[in-house]
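Before any comments, here is the structure.
The values are calculated or read from the model by the stated rules, or taken from the named source; none is laboratory data. Predicted, not measured: the structure shown is a model, and the values here were computed from it. Cβ: placed from backbone, ideal geometry, glycine included. Neighbour counts: every protein chain shown. Surface accessibility is based on the protein's heavy atoms, side chains included, excluding ligands, DNA and RNA. Shrake-Rupley method; radii C 1.70, N 1.55, O 1.52, S 1.80 Å.
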Amino acid sequence: MTTLQNLTPGTWNIDPAHSQVGFSVRHLMVSKVRGKFEDFTSTLTVGESLEESSVEATVQMASINTGVADRDNHLRTNDFFEVEKFPTMTFKSTGITSSTLTGDLTIKGVTHPVSFEVDFGGVGGDPWGGTRAGFEATTEINRKEFGVTIDMPLEGGGAVVGDKVKIILELEFVKA
């Protein structure tokens, strides 16, 4: 976020049709599998200052989509996300600066602090009389720290699924 000019105080709601909660993870140590979650909500509350601002988000884990139905079904099982027991992933901010968003990320009932690098895309009007703001945010987590501990080692070393997961957010908010 280079400047937050024109980001006026108040409540901003996510526009899921113009936003994406995505991820990538190493597969077989040679390539990456990318995916996204299709069902999520988020609210950005802009205060008079960054210190008074906050973000909250909820992702429905069953909405995972990697483009391969069998893989998505496996990711929903106890081997990975246990979506019947842990249906959501949540984030609640603890701090915002002009270039970072820190907060508590909860996956499978396990909460850890994370820090996102943030790029502010700007603020502008839309054809329907609304005001929109865009952001891109990225972070990397270790899946094992959040209880996603499946181990599928390869004979020659390494693993079928990497430990590090990159989270990539493309977010568009609409002023309420």
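Of (1) over 16 Å from residue 143 (Cα atoms); (2) free of Cβ contacts under 8 Å to residues at least 60 places away in the same chain, residue 18 satisfies all except one. Which?
Answer for residue 18: the failing condition is (2).
Condition (residue is among the β-branched types (Val, Ile, Thr), surrounded by fewer than 15 Cβ atoms within 10 Å (Cβ to Cβ), in contact (Cβ under 8 Å) with a residue 12 or more places away in the chain and out of contact with any Asp or Glu (no Cβ under 7 Å at 6 or more places or on another chain)) applied to the stretch 77-90: is it met by at least one residue?
yes
If we scan the stretch 59-75, do we find a residue that is open to solvent by 60 Å² or more (accessible area, probe 1.4 Å), without any contact (Cβ under 8 Å) to a residue 40 or more places away in the chain and in contact with a Phe, Trp or Tyr (Cβ under 9 Å, 6 or more places away or on another chain)?
yes
Let me confirm something: among 6, 65, 13, which residue is under 22 Å from residue 149 (Cα atoms) and not aliphatic (A, V, I, L, M)? Give the steps one after another, and end with the answer.
Numbers: 6 fails: under 22 Å from residue 149 (Cα atoms); 13 fails: under 22 Å from residue 149 (Cα atoms).
The unique qualifying residue is 65.
Give the stretch 110-153 a look and list any residue that's in a loop (DSSP other than H, G, I, E, B) and either open to solvent by less than 60 Å² (accessible area, probe 1.4 Å) or more than 21 Å from residue 59 (Cβ to Cβ) (or both), or say none.
Selection gives 126, 127, 128, 129, 130, 147, 148, 150, 151, 152.
Could you grab me the full set of residues in the stretch 1-32 that are open to solvent by 80 Å² or more (accessible area, probe 1.4 Å), modelled with pLDDT of 75 or more and not in a helix (DSSP H, G or I)?
6, 26, 30, 32
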